[in-house]
C-alpha cells in the first residue's frame, strides 16, 4: 500500500474492516461459528437522513443465530470501536446498522487529497500483474467510423484505470491482415487504382465501395504513378495499400488520444508457428476431424452444441481458428496474467466456443474477460441512422472529431454502459449547458482553477488552515463525494464498466456547482479569513479529483472556458 493510500483511506474498506472486527466479537459471544463465510458490504443509504453509510449484515445472521435482525444489529453495534472515523451509529428496522462519519475526520481528508496531488487515486490493487487490453482490432480495410470509436474509448479508459492501480498494461490492436476480407480489400484497391488510369474494370458486387478505397488508390498513384500497371507487383501493391490504411487508422485513433503499445499481425501466427502448434495439440487430443473437405474442431466433445470449422475446404483458416491461435499466443507465449477483449456485442456467440477451445489448450479462461460493446446510432436533430461501413455511407471518425472535438466524443461514448445501445446526440454533445455532461465536468474544473487564480491574484495563499470551518451541508456533501472516488474505481476495475467513472465525475461536478452557488468562497470580511482559506483548500481538492477523473477518461482539463 502506497503512503498516500495509507493516509487517504478508502473509507468503505476501512468501515468494512471495522464491521468485520465487530462481527468477529459478536460471533465469539454466541459460542457458535458461522457455517459459511459472509462478506461484509457497506453502502450509501438511499435516504441520507439515516446516516452516511449502512450495512445489512444482520439480515444474513438472523436464521443462523435464531434472532431478529434488529437484535443482532444492536449486539454487533455494541462492539463497534469508538474512534476518530465513526462519530455515531444507529440501528433501524428491519435491521440496518447506520453509520455517521466523524466530521473532523472528513474535514481532514481535504488536506490529504491536496497532499496526494497528482498521485490521488493511485493504489496497488493490480500488484504488478501483466494485463493485455485488446480493442478496436477492426479489419484494416477502410478508415475508422464512429461505430468503431466506442470500443476504442472504452478500451483506452479501462487501460488508464488499470495502469493507475498498479497493473502493467499492454494496449494492443489485432490486425486481421490475412483472410477473405483482406483479399476483397486488395482487389478493390487494385481495381480503383486501374480506374484512375481509365482502365475499364468493374468492381465485383461484394467489393468495398467507400471513398476511403478511392483515396488509398489515389495515394498509390500519387506516390508511384503507373508502376503497378506493369509486371507482377501485386504483393508490393498490397503491402503499400495495407500500410496506408493502417496509418489512416492510427492517425484517426491519435485524434482521440489513443495510442497502442503493440499492433499484432495475424500473419505472424502462421509465420511464427502458433497456429500450427494449436492444430498439433488438438490433433493429439483427437479433436480434429475431416468432414466435407474441411477440417473441423470437435467442440461437441468440449461441451458445445456443434462442431466448428478450423480450416475451410480450400485450406484457408477461419476467424475462429485464428482467434484460438491469437489467444494461445497471449497466454502461452507472452504469458499475460489477464486478457481483456473489447468486442462488439455481435461477437457474443463466439465466446463459449473460444473458451472451450482454449480450455483444451490448458489455458485458464477465468483470466479472459470480455467487454461487449453495443451498437451506436448517430443522431442530429430528429434523424437517427444506424451506421454502416460496407455501403460507404459511414461517418468517418475524423469527421466527428473535427465537428465536436475529441473530449466530447470520448465522454459521450463513455456515458452509457457498454452493453447498452448508444444514441450519439450531436446536438447535446456540442451544447454549452449543464445538460451536456462533458461541458459540466470541464466547466467545474475550469471554475476551480479560476477561483484559485483569483485568490492568488488578491494575495490569498493556500496554507493549511482550520478545516473545521467547513461545516455546511454543501461542503460536507462535496467531501463525501470526493471520498467515494476510491470505491468507484474499485467498481470499474471489478466490472470493467468505465461509465461509472463518467457518472461519478458528473455527480462530483454537480455537487461542486451546488457548493459554489450556496457558499461564497472568497470573502472580503477579515473575520472570515479562516473560512475563506478552508474553502479554497476544498476547491483545490475538488480540482485534483476532477482532473484525475478527466485524465483517466482521456479528456482535457481546461483551466479556462
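Nothing in this text is a laboratory measurement; each read-out follows from the coordinates by a stated rule. Owing to the predicted nature of the structure, the values given are computational and were not obtained by experimental measurement. Using ideal geometry, Cβ is built from the backbone for each residue, glycine included, and neighbour counts are taken over all protein chains shown.
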Q | Over 20 Å [Cα-Cα, the range 3-101], rounded percent | A | 34 percent
Q: Please tell me the relative contact order of the range 3-101 in percent, rounded to the nearest whole number, where contacts are Cα pairs under 8 Å and at least six residues apart.
A: 27 percent
Q. What is the extension gain from residue 30 to residue 81, computed as 0.36 nm multiplied by their sequence separation minus the C-alpha to C-alpha distance, in nm to one decimal?
A. 16.4 nm
Q: Using a cut-off of under 12 Å, list every residue of the range 491-521 whose amide N is near the label point 7 Å from the Cα of residue 454 along the Cα-to-beta-carbon line.
A: 516-517, 519-521
Q. How would you rank 535, 312, 192, going from fewest to most other Cβ atoms within 10 Å of each one's own Cβ?
A. 312, 192, 535
Q: Could you work out the Kirkwood radius for the range 120-269, taking every pair of different alpha carbons, averaging 1/r and inverting it, reported in Å?
A: 17.2 Å
Q) Can you give the convex hull volume of the alpha carbon atoms of the chain per residue, in Å³? A) 201 Å³
**Q.** Contact order relative to length of the chain, as percent, for alpha carbon pairs under 8 angstrom and 6 or more apart
**A.** 15 percent
Q: Work out, step by step, the length gained on full extension between residue 194 and residue 119: first 0.36 nm times the residue separation, then minus their alpha carbon distance; give nm to one decimal.
A: 21.4 nm
Q) What ranking do 327, 499 get, fewest neighbouring Cβ atoms within 10 angstrom at the top? A) 499, 327
**Q.** Zone residues, the range 264-283, relative to residue 320, backbone N less than 16 Å from point 7 Å out along Cα-to-Cβ
**A.** 279, 282-283
Q: Starting from the Cα of residue 47, step 7 Å along the direction of its Cβ; do the same at residue 166; then give the gap between the two resulting points in nm.
A: 4.1 nm
Q | 544, 324, 476 arranged by Cβ crowding within 10 Å, fewest neighbours leading | A | 476, 544, 324
Q) For residue 286 and residue 218, what is the calculated FRET efficiency with R₀ set at 45 Å and r taken between the beta-carbons, to the nearest 0.05? A) 0.30
Q. If each of residue 560 and residue 395 carries a label point 7 Å out from its Cα toward its Cβ, how far apart are those two points in nm?
A. 3.1 nm
Q. Using a simple spin-label model with points 7 Å from Cα along the Cα→Cβ vector, what separation in nm is obtained for residue 359 and residue 39?
A. 2.2 nm
Q: Can you tell me the FRET efficiency between residue 525 and residue 375 if r is taken as the Cβ-Cβ distance and R0 is 45 Å, rounded to the nearest 0.05?
A: 0.20
